[in-house]
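The values are calculated or read from the model by the stated rules, or taken from the named source; none is laboratory data. Keep in mind that what you see is a predicted model, and the values were worked out from it rather than measured. These accessible areas exclude ligands, DNA and RNA; they are computed on the full protein's heavy atoms, side chains included. Shrake-Rupley method; radii C 1.70, N 1.55, O 1.52, S 1.80 Å.
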Amino acid sequence: MHPVHSPALFPRWYSVGAALVAVMLWSGAPLLAEFAKATPPLQLTAVTLLAGSLATLPLSRRVNVAACGAGWQLSVWVGIPLLIFGAVSTYFIGMRLAPAAEAALITYTWPVLFVLLSQWSRFGRLRIAGVVGALIAFSGAALLLVPQAISGGLGGATTGYALALLAACCWAIYSWLSQAAPVALTSLLPRLLLMACAIAVAASLILEGTLALPSGEALLAGIALGLGPYGVAMVAWDKALRWGHASLVGSLAYGVPILAALLLVLAGMSVLDWRLPAAATLVVVGCLKASR
């Protein structure tokens, strides 16, 4: 006798698998960004987004966005490329100005922000569990920052941490739009990433004064970032959001800060301090609490 599978279970397991793929690829992003540290951040953003666009090109399909109304057209063709550019560029810049593991941890508070946005859009208010979870998650970030601030050791890292938080906000809004959009974004990702790449090229020419391909290890790291964390992972995440529940899918992303910090420590690019695993644990616990 063959087992009978409920059709409703397939989308759930499909979304879980897709989310896990995204989580594993995102966990390697801080390590790859460290390998490309010699490249100006906006140039690295342009290379990464171009590689991501090429990686997702086979998925490109014609989508009638015009039928979604003017507001959604503006959100898809203007808002999402700006959010992608903002998320990637501020993440790279933040990791240059602040310790990589700590900056990555702050960026990966975005799942709790995504859950709060989803609750607000669905219920018109924030649930107590969501607010408490957010407070717990951000107490993890405070565990890292407050001792440095008291000792006067933040310095230029303050800007880096602020940019890491801005990257978190961009990813949260992007995820919310991906879930709420009347059309699936997977088929549009090659064009959206290419538009974000064009913004990065313009920003690099204006702010960095030059645009040239990085070489050697930095070029390989930039391509790997585009193929994995900002290519395949974004497709997998969009699939997970379209097929699964926000709280279930979002909760899987909470393992990213722990895995990312662990990879940096194992690679010798970050020093293991008791505050780092403690802060990562608080972030995960807070996100889980918020998603309940």
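Shown for region 51-90: the carbon plus sulfur share of the solvent-accessible area, taken with all protein chains present and a 1.4 angstrom probe, equals 65%. Applied to region 188-197, the Karplus parametrisation 6.51 cos²θ - 1.76 cosθ + 1.60 on θ = phi - 60° returns per-residue 3J(HN,Hα) values of 9, 4, x, 6, 5, 5, 5, 5, 5, 4 Hz, with x for Gly and Pro. Using a probe of 1.4 Å, the accessible surface attributed to Tyr14 totals some 90 Å² when neighbouring protein chains are kept in position. Extension gain, Arg122 to Gln73, is 15.5 nm, computed as 0.36 nm per intervening residue step minus the present C-alpha separation.
Counting 0.36 nm for each residue step from Leu82 to Ala198 and taking away their Cα separation leaves a gain of 40.7 nm.
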